[in-house]
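Only one structure is covered here, and it is reproduced in the block below.
Taken together, the values in this text are just the output of simple stated rules run on the coordinates, not laboratory data. Bear in mind that the values here come from a model prediction, so they are computed numbers and not experimental data. Every residue, glycine among them, receives a Cβ derived from its backbone with ideal geometry; neighbour counts consider all protein chains shown.
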Amino acid sequence: MGAQNIAWAKDGAFTGEISGTMINAAGATYTIIGHSERRQYFGETDETVLKRTQAALDAGLTPIVCVGERLEDRECGGTEAVLIGQCQKGIAGLTEQQFAKIIIAYEPVWAIGTGKTATPEMAADAHRTIRGHIREKFGKEAGDAVRILYGGSVKPDNVKTLMAQPEIDGSLVGGASLDPASFAGIVNF
């Protein structure tokens, strides 16, 4: 079980935020950080992603750190720059020991909730970019070991072709998880 966000402060007067202590008390062991909707609607930045990731690790939780480009970034050829920038500012501040405990989710913002999906090749290219940057920052072993999930409109009819890409280690399922039959189709794959 996981949370959809975490406060960067352990405690204090932060009305509406959910601390790592609260997430642990609920029995969760994971938390999503930097989801595109958090970035778009709540002003999440790469810097706050790093702070939340560190808070999750301090609480003993496994952070699932989201990165991804908007449609305008993709259309102007800026996908790689966006992904590397998000990794540099939102992940690279971790120590090697901290980094070894996180999961990364690539979620092309333009494919979330729109019914559009990156082709398996597009998703694999993005995953290679992320993994390549991780190898540069944390070394080959860390780059090879990190789990990178795909999170852009995963559905029962596209999960097989997406997961056939060796760079994709799993999926972060959004809307399809709200339909039991759809989610079962993904899980059963």
Tail weight of P(r) past 23 Å, computed on alpha-carbon pairs of the chain, percent: 40 percent
Which residue, chosen from ALA56, GLY185, ALA124, occupies the Cα position most advanced towards the positive end of the dipole of the range 2-188, where the dipole is computed from +1 (Lys, Arg) and -1 (Asp, Glu) charges on Cβ about the Cα centre? ALA56
Residues whose built amide H sits under 5 Å from the amide H of THR31, excluding neighbours closer than 5 in sequence, are ALA3, THR62, ILE64
By a straight-distance test (C-alpha under 23 Å), which lysines pair with LYS137 as possible cross-link partners, with residues fewer than eight away in the same chain excluded? LYS51, LYS89, LYS101
Compute the relative contact order of the chain as a whole-number percentage, counting only Cα pairs closer than 8 Å that sit 6 or more residues apart in sequence. 16 percent
Identify which of TYR150, TYR30, TYR41 has the largest mean-square fluctuation in a Gaussian network model of the chain, with springs joining Cα atoms closer than 10 Å. TYR41
Fewest to most neighbouring Cβ within 10 Å: what's the order for THR45, THR31? THR45, THR31
Around GLU141, what is the net charge, scoring Lys/Arg as +1 and Asp/Glu as -1 over all other residues with Cβ under 11 Å from its Cβ? 0
Per-residue Cβ neighbour rank within 10 angstrom, fewest leading, CYS87, CYS66, CYS76: CYS76, CYS87, CYS66
Under 5 Å between amide H atoms, partner at least 5 residues away or on a different chain: which partners does ARG147 have, H built in plane at 1.01 Å? ILE104
Membrane-span-like helices (DSSP H runs, Cα span along own axis at least 24 Å, mean Kyte-Doolittle at least -1.0) in the chain -> 120-138
How big is the charge dipole of the range 1-124 about its Cα centre, in debye rounded to the nearest 20, if each Lys and Arg gets +1 on its Cβ and each Asp and Glu gets -1 on its Cβ? 260 debye
At q = 0.14, 0.28 Å⁻¹, what is the log10 ratio I(q)/I(0) for the range 1-67, with the Debye formula run over Cα points and no solvent? -0.33, -1.31
Within 10 Å of each residue's Cβ, count the other Cβ atoms and sort ILE6, ILE168 from fewest upward. ILE168, ILE6
Note the full-extension length gain between THR95 and ALA145 as 0.36 nm times their separation in residues minus their Cα-Cα distance, in nm to one decimal. 16.5 nm
